[in-house]
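The values are calculated or read from the model by the stated rules, or taken from the named source; none is laboratory data. These numbers come from a predicted model, not from an experiment. Using ideal geometry, Cβ is built from the backbone for each residue, glycine included, and neighbour counts are taken over all protein chains shown. The accessibility values were calculated without ligands, DNA or RNA, using every heavy atom of the protein model including side chains. Shrake-Rupley method; radii C 1.70, N 1.55, O 1.52, S 1.80 Å.
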Amino acid sequence: MEQKKLTEGMLQQAFLSLSDEMIEEWEEKGKVRHKFSEQFQNKMEKLIKKTVRKEKMSKFSLSVRYLSAMAAVALICVIIFTTGSMKAWANPMHRFKKMETALETSAILLYEKNLAEGDAYMYGPGHIPKGYEEIYKGIEGNRFLIYYENEQGNSIKWFQMSVTDTLTMGINTECEDIYEGECKGEPYKIYILESGKKLLYFESGDYVFMASADDLSAKELGKMLEGMKICQENR
Amino acid sequence: MIFLMMIDTEEDKSKFEVLYEKYKNLMYAKAKEILKDTYLAEDAVNEAFMKIADNIDKIGEADSKETKNYIMVINKNTALDVYRKRKRDTRLEMPGFDEEKEDAYIINEGKDLSDILCTENQVLKVIRELPEKYKEVFLLKYVNNLGNAQIAKSLNISEEAVRQRISRGRNIIEKKLEGIQ
């Protein structure tokens, strides 16, 4: 074989080949299934919970990734644009943004109003269920998010988004039951999924509120919404 | 306009869970091979997963070559750390314990890579023989394209140690290639 001058490229190529060899050997030797001890499994269970939470939080901050992940789940809320008027928006920054999704039959058109830029009121729940603590609160683009968790790792997610009365919403859900309630004189619905998870949807004025809870009764989730109050103001 | 909104991804298994299911047995087998002890091997796997969790943002598809390389390197590095620590702990009872003399390799500092003529097979042969602590740094650098800071965080060493290992590792490679010529 011809001798060449040693370069970074040659070194890199050599390490890529070495990696292939090592991976092959590693996979070959590790085919046996091991019965892990209970102590190991307990430690890993805790680590998994903690890391999954970290991954979820990271997803929140990446809206595109978040939306594509959202598109993979069975519950879909579809807002249908009924009139073309955008007069309701005073801020010229507002715009529609089309986004690709994994669902062939659907498209996402995101009505973007940046809550951090314009005048906006951010509402948080007026009641926090016992044992839950706020672990994240922030505005990300057109969403205001609050994330709660209890010691068992169950979570509650609270979303506030901007919409206008030029939008109506149709909801396509696969749920076991629907709980209906009233907040500030307007109706809200909580969709109860087969898994026990609850999903709340409520429109009021310029805002849509959504919340999800892993391990909470529909009544208690509704209570969070009914007592909601302004917790941040951008003017 | 259509607006799709979804609140949760409960069916979506997290990346970390997928990695755990896919690699735990492979990692255990390697750790057991190094440590020859079931409980120490499990501890090493647990520690390795803690490092992976800390660096989960650097990991892509569970099946990709880069992910396999990263996990394999962290797995071996952690098991060797446990092994070294155990060796240190028993050192008092083991007179004559021989420390690795890494500085013996420091030669030819500053020599230009381009001065050395070699074949691809010769380079591969030389890097196969490279001490593990240099090999792992180069694997993360060249296969995972990590910078010094990311390598340092992944291996739980300082950035200065990463720089030194890259420099010393290169010296070893050059010296050995010169010896072949």
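In table form, for the structure just shown:
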| read-out | value |
| --- | --- |
| Number of the exception - A:Glu194 against (1) under 17 Å from A:Gly126 (Cβ atoms); (2) open to solvent by 10 Å² or more (accessible area, probe 1.4 Å); (3) without any contact (Cβ under 8 Å) to a residue 60 or more places away in the chain | (1) |
| Among (1) within 19 Å of A:Glu45 (Cα to Cα); (2) within 17 Å of the chain's Cα centre (by Cα); (3) within 7 Å of chain A (Cβ to nearest Cβ), the one test that B:Met27 misses | (3) |
| Residue within segment A:157-180 that is touching a helix residue (DSSP H, G or I) at 6+ places or on another chain (Cβ under 6 Å), at pLDDT below 85, open to solvent by less than 60 Å² (accessible area, probe 1.4 Å) and not in a strand (DSSP E or B) present | no |
| Selected residue (criterion: least open to solvent (accessible area, probe 1.4 Å)) from residues of segment A:23-33 that are closer than 22 Å to B:Tyr39 by Cβ and either of a type in the set (A, V, I, L, M) or at pLDDT 90 or above (or both) | A:Trp26 |
| Filter result (surrounded by fewer than 16 Cβ atoms within 10 Å (Cβ to Cβ), free of Cβ contacts under 8 Å to residues at least 24 places away in the same chain and within 20 Å of B:Phe49 (Cα to Cα)) within segment B:120-156 | B:Ala149 |
| Segment A:200-215: number of residues that are under 20 Å from A:Glu133 (Cα atoms) and either among the β-branched types (Val, Ile, Thr) or open to solvent by 10 Å² or more (accessible area, probe 1.4 Å) (or both) | 2 |
| In segment A:218-230, the residues that are modelled with pLDDT under 90 and loosely packed, with under 15 Cβ neighbours inside 10 Å | A:Gly227, A:Lys229, A:Ile230 |
